[in-house]
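Before any comments, here is the structure.
Throughout, read-outs are computed from the coordinates displayed, never taken from laboratory work. Bear in mind the structure is a predicted one, so any value in this text is a computation, not a measurement. No Cβ is skipped: glycine too gets one built from the backbone with ideal geometry, and neighbour counts run over all protein chains shown.
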Amino acid sequence: MTHQARIAGYRLWHVRIPFRSRMRSSRGVADAGEKVILELVDDDGATGLGEASVIFPSRSGETAGTIFVALRDLYCPRLLGMDAMALGRVLDSLEGATSEQFAFLASKCAIDIALHDLKARRLGLPVCDLLGGGSRTSFALSRSMSIMPPQALVETAARLAADGYRLLTMKGSQAWREDLAMFETLRASLPPEVMIEIDPNQAWQPKDAIAFDRVAQPLGLECIEQPCAWWDLNGMRLVTQSTVSKIAADESVLSPADLFRVAQAGAADMVTIKLAKSGGIRASGQIVDMAMNAGLSCNMGSKHPLGVGTAALLHFAAAYPGVGEFLGYGSALERFTSDVIEQVIEVRDGHAFLPAGIGLGVSLDKEAVARHALGSFDSFVDKP
C-alpha cells in the first residue's frame with residue numbers, strides 16, 4: 001500500500017443534459033442541467049472523480065461556466081504535485097487562492113469529492129468508510145416537485161406516492177395565497193402517511209410564512225424551507241418563533257460560519273445540507289456536527305447532481321446519520337434523460353441504495369461525457 005499519491009494531472013468536462021421535465025421554482029425555469037465533472041489522476045494512474053453542481057446561479061454567483069474556468073485556471077493547477085493522501089492539507093491550500101475564505105464553494109466541492117474518491121480508492125475503502133464508517137446502505141427519499149398547474153401537481157404527487165415516496169416537497173412562489181390553495185388541494189389528494197413540506201426558495205416575507213403556517217400546519221404541513229431571503233436572519237427568527245411547522249435554513253447556510261450565525265440568531269429549527277453549496281464533504285460534515293451541537297436538526301438536499309455527485313451524497317449520508325431519515329435526491333435518472341457514470345444507482349420503492357465498491361463506487365462513462373460535453377480541458381505534469 002502506497003502512502004503517497006502525487007497528483008499528476010486532471011481532466012475537466014462542462015456537460016449539459018436535458019431534464020426529463022421542465023424545472024420551475026421561484027428562482028427561475030430550466031430545461032437542462034449544466035454540471036462540471038473533474039477527474040484527478042495520480043502518478044500511479046489511480047483516479048478520483050468529483051462534480052460541481054448548480055441549478056440556477058448560486059448565492060455566490062457561480063454557474064457551471066464560471067466553475068469550469070475557476071477549476072481550470074485557479075484551483076486545479078495548484079493541485080499538481082500535491083499528495084492526495086494528505087487530503088486536509090490539500091483542501092486547506094485552496095483557501096490561499098483567493099482573498100475570500102468561502103468563495104467558489106461549488107468549485108471546491110468538485111475537488112473535495114475527487115480527493116475523497118482518490119484517497120479511498122488508494123486505501124481500498126468505500127468513501128463512507130474513509131469518513132468513519134457507514135451506518136446504512138439504503139435511504140428513504142423525499143422528492144421535490146416543480147411549480148406546475150394544480151391538476152398536474154396532484155397527478156405527479158400521486159405517481160410519486162405510488163412509487164413509495166413518503167415525503168414530498170412542493171415549491172412555493174411569490175404568491176403565497178396561491179401556494180396555500182395548492183397545498184390544500186395537494187394535501188386532500190394524498191393519504192395521511194405521505195408528508196408534505198414547502199420550499200419557497202426565499203420568495204416570501206416573514207408575515208407570509210406565518211400566515212401560511214397558521215392554515216397549513218393543522219392540515220399536515222411538515223416544514224417550510226427557506227421562506228425568507230437568505231440574509232434576513234431577523235425575518236427567519238420571527239418565522240421560527242411564530243410557527244409550529246419546522247423552519248429549515250437552506251440558502252442561509254453555505255458555510256460553518258453561516259451556521260454559527262443562524263444558530264446564534266435562532267433563525268431556524270433545522271439546516272438543509274447540500275455538498276455542492278458548502279464546498280464538499282469536509283465542510284458539510286463540519287456543518288452537521290456544529291448544527292447538532294447547537295440543537296438544530298439536519299436534512300439532506302442536493303443541487304440535482306449527476307451520478308458522481310449523487311454517489312458522494314449517498315456516501316456522506318451513510319457516514320453522517322445526523323442528516324436525518326430522508327434524502328432529497330437518490331439518482332440522476334430521476335431528473336435527467338441521461339447520466340455520466342457507467343453504473344445505475346438503484347432507486348426502488350422510494351429508497352436509494354449505496355453504490356458498492358471502493359471509492360464512490362462509480363466510474364465515468366467517457367462516451368456519455370463526450371456526448372454531453374460543452375467543453376473540456378486537461379493538464380498533466382508529464383503529459384501521458
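Note on region 106-175 and region 246-283: Cα centroid distance 17 Å, given to the nearest whole angstrom. For the listed peptides 275-284, 250-259, 89-98, 234-243, a ranking on the average number of other beta carbons within 10 Å per residue, highest first, reads 275-284, 250-259, 234-243, 89-98.
Taking a straight Cα-Cα cut-off under 20 Å and skipping sequence neighbours fewer than 8 places away in the same chain, the lysines within cross-link reach of Lys303 are Lys35, Lys108, Lys171, Lys274, Lys277.
Sorted from greatest to least, the principal axis extents spanned by the alpha carbons of region 200-336 come out as 40, 31, 22 Å. Between the listed residues Gly28, Val362, His304, the Cα displaced farthest toward the positive end of the dipole of the chain, a dipole computed from Cβ unit charges relative to the Cα centre, is found at Gly28. Highest mean packing first, where packing is the average number of other Cβ atoms within 10 Å per residue, the peptides 195-204, 289-298 line up as 195-204, 289-298.
Per the Kirkwood formula on distinct C-alpha pairs, the Rh of the chain is how many angstrom?
It works out to 21.0 Å.
When only Cα pairs below 8 angstrom with a gap of at least 6 residues are kept, the chain shows a relative contact order of 22 percent. Using Cα centres only, tell me the gap between region 193-231 and region 9-55 in whole Å. Measuring centre to centre over Cα atoms gives 30 Å.
Placing a label point 7 Å from the Cα of Asp289 along the Cα-to-Cβ direction, the residues of region 68-104 whose backbone N falls under 17 Å of that point are 87-92.
Highest mean packing first, where packing is the average number of other Cβ atoms within 10 Å per residue, the peptides 46-57, 76-87 line up as 46-57, 76-87. Near the amide H of Asp250, within less than 5 Å, lie the amide hydrogens of Gln226, Thr272, all on another chain or at least 5 residues away, with H placed in the peptide plane. Tell me whether region 194-245 comes out rounded, prolate or oblate; compute the Cα gyration tensor, take square roots of the eigenvalues as a ≥ b ≥ c, and use a/c under 1.5 as the rounded threshold. Verdict is prolate for region 194-245.
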